[in-house]
1. Output the residues belonging to the stretch 1-29 that are assigned to a strand (DSSP E or B) and either closer than 24 Å to Ile123 by Cα or modelled with pLDDT under 85 (or both).
2. Run Asn200 past the list (1) of a type in the set (S, T, N, Q); (2) within 17 Å of Leu270 (Cα to Cα); (3) surrounded by 17 or more Cβ atoms within 10 Å (Cβ to Cβ) and report the number of the one that doesn't hold.
3. For residues that are out of contact with any strand residue (DSSP E or B) (no Cβ under 7 Å at 6 or more places or on another chain) and crowded, with 16+ Cβ neighbours inside 10 Å, tally how many sit in the stretch 59-91.
4. I'd like the full set of residues that are over 14 Å from Cys111 (Cα atoms), part of a loop (DSSP other than H, G, I, E, B) and open to solvent by 30 Å² or more (accessible area, probe 1.4 Å), limited to the stretch 261-283.
5. Which of the residues spanning the stretch 30-52 are more than 24 Å from His124 (Cβ to Cβ) and either free of Cβ contacts under 8 Å to residues at least 24 places away in the same chain or open to solvent by less than 40 Å² (accessible area, probe 1.4 Å) (or both)?
6. Does Tyr162 fit the bill of being hydroxyl-bearing (Ser, Thr, Tyr), modelled with pLDDT under 95 and in contact with a helix residue (DSSP H, G or I) (Cβ under 6 Å, 6 or more places away or on another chain)?
7. Quick check on Lys96: is it open to solvent by 70 Å² or more (accessible area, probe 1.4 Å) and in contact (Cβ under 8 Å) with a residue 24 or more places away in the chain?
8. Restricting to the stretch 169-186, count the residues that are in a loop (DSSP other than H, G, I, E, B) and under 24 Å from Asn240 (Cβ atoms).
Amino acid sequence: MQNKYEVIGVVGEGAYGIVYKCRNKNNGKFVAIKKFKEIDDDLVKKTMKRELKMLQLMHHENIVDFQDAFKRKGNLFLVFEYVEKNLLEVLENSPKGLDQKLIRHFIFQLCKAIKYLHSQNVIHRDIKPENLLINENNDLKLCDFGFARVISKIPKEKLTDYVATRWYRAPELLLTQGEYGPEVDYWAIGCIMGELSDGNPLFPGENEIDQIHCIQKILGNLTDEQIEMFYTNPVYNGKNLLDVNKPETLERRYLGKLNKIAINFMKGLLELEPKKRLNGNNVFQHPYLSKLVEKEQKIESQRQLQAQMNVNFNNNNNNNNNGNNNNNNNNNNNNNNVNNEMKKETKEKENNNNNNNNNINIQMLKIKPLQHNNNNNNNNYNNNNNNNNNNNNNNNNNNNNNNNNNNNNNNNNNNNNNNNNNNNNNNNVNINIPKTERLNQNNQNPTSITNINIINYNNYAGENYYPENENNNFNINQNNNNNNNKPNQQKKKKKNN
């Protein structure tokens with residue numbers, strides 16, 4: 001055995017091999033491994049190759065699952081799914097036969113397996129209870145394809161005569177020299193159906209001639225063609241057939257154990273003439289199995305409908321997911337557009353702010369233009385007074401006139417200076433005053449900033465927005481200019497009034 005498998009024990013032994021129960025070390029699951037015996041025989045080698053070839057072709061729910069094959073020390077090992085018991089063991093636990101519903105359940109599954117094999121042009125040729133595996137759910141699995149054979153396309157090609165176990169051999173297998181077809185598998189099904197009904201083999205012949213006699217006792221005399229084949233077959237030289245006038249019949253044999261429909265179905269499978277025997281689709285059209293077929297078709301249609309609904313549901317979900325993805329993409333695009341627009345707006349505002357900062361960059365300085373002009377006026381006034389004191393009193397009138405002129409000039413200068421200062425503020429003039437005359441910004445009230453739009457970017461981009469720190473400059477909007485212009489406008493209105 002490979003290191004991959006651990007042998008648990010022997011579960012069966014045949015003429016050509018031994019079957020072991022093993023555990024797969026990788027996944028812990030049980031498997032059945034068939035080891036072919038070390039027999040240097042061409043027939044054994046032929047059987048091994050045939051079974052391996054057949055198993056690789058067969059895939060059906062009622063055929064045992066073939067999993068692997070390997071060679072070790074010149075021996076061939078076949079790995080199958082593990083099924084705990086076979087139909088013979090089921091019969092041993094029920095020696096008086098099985099329930100009719102369970103019998104029909106097993107026969108229905110076996111007929112499906114045989115129909116599948118024949119659709120693949122394969123004859124099993126060794127159907128018997130030992131080769132029918134039954135799991136805990138009463139699912140049937142056909143196994144052992146050592147005697148299986150591909151149906152030849154050559155007419156009347158002879159096949160091996162000694163193949164099936166004797167009790168389940170059809171009359172053509174017993175009488176002819178290899179001239180038979182797939183009908184032999186359906187004969188075996190009829191034999192198994194009878195055995196499941198009362199627990200006893202239907203045709204338990206001790207040898208080939210006795211096997212023919214057992215068939216005659218239940219079903220009556222052979223057909224004329226079969227009688228001729230018997231007497232022309234050298235195997236039966238010197239032997240005679242029975243002359244059965246009153247056979248037991250299947251009705252008498254299974255009275256009270258099978259209903260009339262079941263007995264009629266069995267008679268169809270056990271027709272002596274192969275061409276008249278139930279086979280293929282005719283088996284499933286019989287009332288014995290037709291209801292099961294309808295039930296299975298209904299379940300299958302429901303399964304397909306459910307599968308289609310699941311496919312449609314998954315497609316709808318995929319479409320919805322695609323729609324959601326498209327919506328998300330659209331939302332992302334919208335958000336990106338909004339973000340881009342908001343970023344453009346913020347950039348434009350930043351540029352405007354920068355332009356405002358560039359145009360209006362006023363450092364808060366201690367500016368007292370009126371006091372300077374007043375000082376000059378005072379100086380002039382003092383000088384004039386000094387001149388007046390040095391001159392004679394006769395010049396008082398002139399000094400008074402000069403003072404009046406100076407005062408008028410001072411007033412005009414003051415008004416001009418005030419107008420100039422207002423115009424300078426309105427015309428965005430950069431004023432630089434010496435450092436010694438700057439105001440203390442901590443004590444000075446800052447210029448008001450108006451019309452600041454605060455935008456919550458969380459509503460658009462889902463991210464925090466932190467505007468960069470501006471320079472220590474105060475942005476003066478044109479509203480300040482408008483406020484500065486209001487007194488002048490009021491003055492103009494008063495003058496107009």
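1. Residues of the stretch 1-29 assigned to a strand (DSSP E or B): 5-13, 17-24.
Matches in the stretch 1-29: Gly12, Glu13, Gly17, Ile18, Val19.
2. That leaves (3) as the condition not met.
3. Qualifying residue count for the region: 2.
4. Glu271, Glu273
5. The one that is more than 24 Å from His124 (Cβ to Cβ) and either free of Cβ contacts under 8 Å to residues at least 24 places away in the same chain or open to solvent by less than 40 Å² (accessible area, probe 1.4 Å) (or both): Asp40.
6. no
7. yes
8. Adding up the residues that qualify gives 7.
The values are calculated or read from the model by the stated rules, or taken from the named source; none is laboratory data. In this text, all values refer to a predicted model and were calculated from it rather than measured experimentally. For neighbour counting, all protein chains shown are included, and Cβ atoms are generated from backbone atoms with ideal geometry for every residue, glycine included. Side chains included, ligands, DNA and RNA excluded: accessible areas come from the protein's heavy atoms. Shrake-Rupley method; radii C 1.70, N 1.55, O 1.52, S 1.80 Å.
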